[in-house]
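The structure appears below as structure tokens.
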Amino acid sequence: MTRRFDPYPHVLRLPLILWQGAFFVIPLIFMAAMSFWLVKNYKLEPNFVFDNWTRMLGRGAFWDAYWITLWRAVLAGIIASAIAFPAALFMAFRLSEGGRRFALLCLIVPFFTSFLVRAYAWQVILAESGPVNAVLGGVGLVPYTMLNSGFGAMVGYLTLVLPLVVIFQTWSLAAIDRNLIEAAGNLGATPLRVLGSVIIPAAKTGLVLGAVFAFIMTFGDFVSPFYLGGSKPPTLTILIIDTTKSGQQWPRAAVVAVVMIATLFAVASAALRAAYGRRG
Amino acid sequence: MTESRLHLTRRRLLQGAASVALTAPMINRAWAQEATQINMLGWFGHAEPDIVAEFEAENNVKFVPKYYAGGDNMMALISQSPPGTYDLILSDAEFVQQLNAAGYIEEMDASLYPFDDFYPEYMNFPGHWTDKTLWSVMVRYGLLGVSYNTDALTREEAMSYNAFWNPKVTGKVGHFDWHLPSLGQVSLLNGNKAPSPFDIDEAAWTAVKDKMMSLKPQVGGYFDYGGTFAGLKNGEMLAMVGIGDWITGVLEKDGAKVASVIPEEGGIQWTESYSIGVGTTKHEIINKFINYMLSPKGQVKSIQMAAYPGLSPTKSGWKAIQEANPAEAKRSGLIEGDDNDPIKMLREGRLFFRDVPKQQSLEDWNDFWSDYKSA
């Protein structure tokens, strides 16, 4: 017996497929193709040569930027997850439904302002003449250089990702079946054991997704390393800007972008496998 | 008896008159001639009200600017646009011949501009002419030297590029994030003056790279236009490589304790000039605007531009600023014989025009700049 073709689900998913095709897949293919083009007299010339790849991948500056970007993204994912977890636990298990809604709203409010504006605000706060150093000076400590450093960049990254990580973790923790936690307690498990053996495994998907979102957003962020990190050292996003600024070298910038996307695909795939994989 | 629909009562007359009165401004507006749009490609500030508003009002034109930051960025923008997109192009002098080679600008009629009012050194500015053909008209310039926080360094200490290596500013030396001015200044420190700090052989280029790398422990960051302002203003950066009065002049007016000097090794001159974009049909009004900017009134505006100050290449411009704002004339050295007189410095061989590298490719310099930043 043959099944009747039902077009309904296909029609529903068509807009998304069209959107992703037009604004993600086609530009991605174009960008990958452009990485083989050449620039002559500031004009792009379609070609198929590997010059841009050999030149970019053969440069120490590229790999320095790659490793620092990767390291900072991993670090931001870990720090954001660690800071977010206690807050998410509190919001999921201690707050009432209304209180949780209010807390989530508070986490969304920062997104009402442009991230660039928030970064400029941090410039004022972290400056040597800023309020943080004024407080440190008040208790007899010497001014600490926070701006134009890795610390400054990390403050920017966390400003960008922390609210999202808290939201992911809270949703995932709030969805845990409370009977499981009670059962573990009734069976004599200590609170720490309940956390490690019940809560974290049950909330694994949200915890991993939060961390991976933090990684993705940090990996591609330009504002934090540039405006708060002082481009010191440059990350891949800064390298892209430098490359396009100099001699219209979009093909070489495309090489950097393709490597970034490949890295993000690899990390996101591994993370999703970890998040949705079989629980041991 | 029914009233005729055409019967004109006093009330209806008044209503009609009121309607006409209310709609009259719209009719006038529709009848008024549409302002001519001039599309300008330039550095930020050149089409802002302090510069163009008066000209716009007098000539019924409207400037529509597209701003860039750096010559490479300008070339990138123009190469992505069809011919005729930009009527007027404000370019750094060293990029004029690249604009010309790529066919983006038109030949200009030298007789239309007041070259006899120019200081002789700027009448035939290098790169603006090919033989006797004019491609660009210089409108303003400025000087790059040592920019510093006056609380951190004395003027004497700042009178050499070695100030950037001074332990007093360790970790507080900023770079304007563009390779040409920073590398040009280090080239000058290395003694590369003849023919130019940008015309150096491979041995000298290697020495410049080594010297630049030795500055790395002093560096606190690399900044764009806004970041450079903020860094100097909030004291995060105590000395800045690759800039000059075009940044500190604005900050000084704002009360910041910063200054710029032309050190003993010499300064680098940036030069901005107007070219006419290929494909434009608005030659008459563009030429009128260029002449307006070269007039004493235009030069006073240019010297005091809100975005960043510049110097005047015309004698009448100097005279006009001395009368209009003697303090600014003194501050910027636009007084013949003054210690900071740029023409005097040029004649003494202390100024060098910013240029693209002559014996290496721009790519070589830029690649080194990326290596330096990530070192």
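The values are calculated or read from the model by the stated rules, or taken from the named source; none is laboratory data. Remember, it's a predicted structure, so these values are computed and weren't measured experimentally. All Cβ positions, even for glycine, are placed from backbone atoms using ideal geometry, and neighbour counts span all protein chains on display. Heavy atoms of the whole protein, side chains included, go into the accessibility calculation; ligands, DNA and RNA do not. Shrake-Rupley method; radii C 1.70, N 1.55, O 1.52, S 1.80 Å.
Among the residues of segment B:222-244, the ones that are in a strand (DSSP E or B) and more than 10 Å from every other protein chain (Cβ to nearest Cβ) come to 4 in all. Residues of segment B:149-188 being within 14 Å of chain A (Cβ to nearest Cβ), of a type outside the set (S, T, N, Q) and in a loop (DSSP other than H, G, I, E, B), which ones? Those that are within 14 Å of chain A (Cβ to nearest Cβ), of a type outside the set (S, T, N, Q) and in a loop (DSSP other than H, G, I, E, B): B:ASP151, B:ALA152, B:GLY171, B:LYS172, B:ASP177, B:TRP178.
Within segment A:255-268, can one find any residue that is within 14 Å of chain B (Cβ to nearest Cβ) and closer than 23 Å to B:GLU363 by Cβ? Looking for residues that are within 14 Å of chain B (Cβ to nearest Cβ) and closer than 23 Å to B:GLU363 by Cβ, one finds at least one in segment A:255-268, hence yes.
When only residues in segment B:60-72 that are out of contact with any Ser or Thr (no Cβ under 8 Å at 6 or more places or on another chain) and touching a residue at least 40 places away in the same chain (Cβ under 8 Å) count, which is least open to solvent (accessible area, probe 1.4 Å)?
B:GLY70
At least 1 residues being of a type in the set (Phe, Trp, Tyr) and open to solvent by 50 Å² or more (accessible area, probe 1.4 Å) is the threshold, and among the helices (runs of 4 or more DSSP H) wholly inside segment A:162-280 those reaching it are A:204-219, A:250-276.
For (1) within 26 Å of B:GLY221 (Cβ to Cβ); (2) assigned to a loop (DSSP other than H, G, I, E, B); (3) open to solvent by 10 Å² or more (accessible area, probe 1.4 Å); (4) out of contact with any Leu (no Cβ under 9 Å at 6 or more places or on another chain), each residue gets a yes or a no:
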residue: B:TRP246; (1), (2), (3), (4): yes, no, yes, no
residue: B:VAL250; (1), (2), (3), (4): yes, no, yes, yes
residue: B:PRO263; (1), (2), (3), (4): yes, yes, no, no
residue: B:GLN269; (1), (2), (3), (4): yes, no, no, no
residue: B:SER273; (1), (2), (3), (4): no, no, no, no
residue: B:THR281; (1), (2), (3), (4): no, yes, yes, yes
residue: B:ILE285; (1), (2), (3), (4): no, no, yes, yes
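Just give me the residues in segment B:110-131 being open to solvent by 60 Å² or more (accessible area, probe 1.4 Å), out of contact with any helix residue (DSSP H, G or I) (no Cβ under 8 Å at 6 or more places or on another chain) and not in a helix (DSSP H, G or I), in sequence order. Residues satisfying the conditions are B:ASN124, B:ASP131. For segment B:94-109, filtered to residues that are part of a loop (DSSP other than H, G, I, E, B) and either among the acidic types (Asp, Glu) or assigned by TED's automatic domain parsing to the domain that holds B:PHE198 (or both), the residue that is surrounded by the most Cβ atoms within 10 Å (Cβ to Cβ) is B:GLU106. Might you let me know whether segment A:104-122 holds any residue that is of a type outside the set (Val, Ile, Thr), open to solvent by less than 40 Å² (accessible area, probe 1.4 Å), over 25 Å from A:ARG72 (Cβ atoms) and more than 14 Å from chain B (Cβ to nearest Cβ)? The answer is yes, given that some residue of segment A:104-122 is of a type outside the set (Val, Ile, Thr), open to solvent by less than 40 Å² (accessible area, probe 1.4 Å), over 25 Å from A:ARG72 (Cβ atoms) and more than 14 Å from chain B (Cβ to nearest Cβ).
Restricting attention to segment A:8-53, the residues that are without any contact (Cβ under 8 Å) to a residue 60 or more places away in the chain and more than 14 Å from chain B (Cβ to nearest Cβ) total 28.
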